[in-house]
Amino acid sequence: MANEKILVVEDEGIVVLHIKKTLEKLGYVVADIASTGDDAIMKAMECRPDLVLMDVVLKGAVDGVDAAEKIRALFGIPVILPDRPRR
């Protein structure tokens, strides 16, 4: 069973619940959940997940693409972004 910690970054509540439930069913640990880019960067620093699952479009000043770049640069944590265009 997988024990990898995953930080989920998503600002839609129902989507977060679905992702969290699915990951846990597969044996992953959801280390934390963030709903903004700034929050994602802070939580990545605090919980040091093995992977970040990041939405592109987030509320706030920092979108998912910018947050992903900062998380990779600052902490070397891999980030998965969905394949959709930037707004």
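The values are calculated or read from the model by the stated rules, or taken from the named source; none is laboratory data. Quantities reported herein were computed from a predicted structural model and do not represent experimental measurements. Quick reminder, even Gly has a Cβ in these numbers, built from the backbone with ideal geometry, and neighbours come from all protein chains shown.
Some values worked out for this structure:
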{"item": "Selection status of residue 81, free of Cβ contacts under 8 Å to residues at least 40 places away in the same chain and of a type in the set (A, V, I, L, M)", "result": "yes"}
{"item": "Test: residue in region 66-87 that is among the small types (Gly, Ala, Ser), at pLDDT below 95 and in a helix (DSSP H, G or I)", "result": "no"}
{"item": "Hey, residue 60 out of contact with any Pro (no Cβ under 8 Å at 6 or more places or on another chain), at pLDDT below 95 and not hydrophobic (A, V, I, L, M, F, W, C) or not", "result": "yes"}
{"item": "Considering residues of region 1-11 that are within 15 Å of residue 65 (Cα to Cα) and assigned to a loop (DSSP other than H, G, I, E, B) only, the residue farthest from the chain's Cα centre (by Cα)", "result": "11"}
{"item": "Residue within region 30-44 that is basic (Lys, Arg) and at pLDDT below 95 present", "result": "no"}
{"item": "Candidate set: region 12-40, residues that are part of a helix (DSSP H, G or I) and among the β-branched types (Val, Ile, Thr); chosen: the one farthest from residue 61 (Cα to Cα)", "result": "22"}
{"item": "Number of positions in region 52-70 that are aliphatic (A, V, I, L, M) and either over 23 Å from residue 17 (Cβ atoms) or surrounded by fewer than 22 Cβ atoms within 10 Å (Cβ to Cβ) (or both)", "result": "6"}
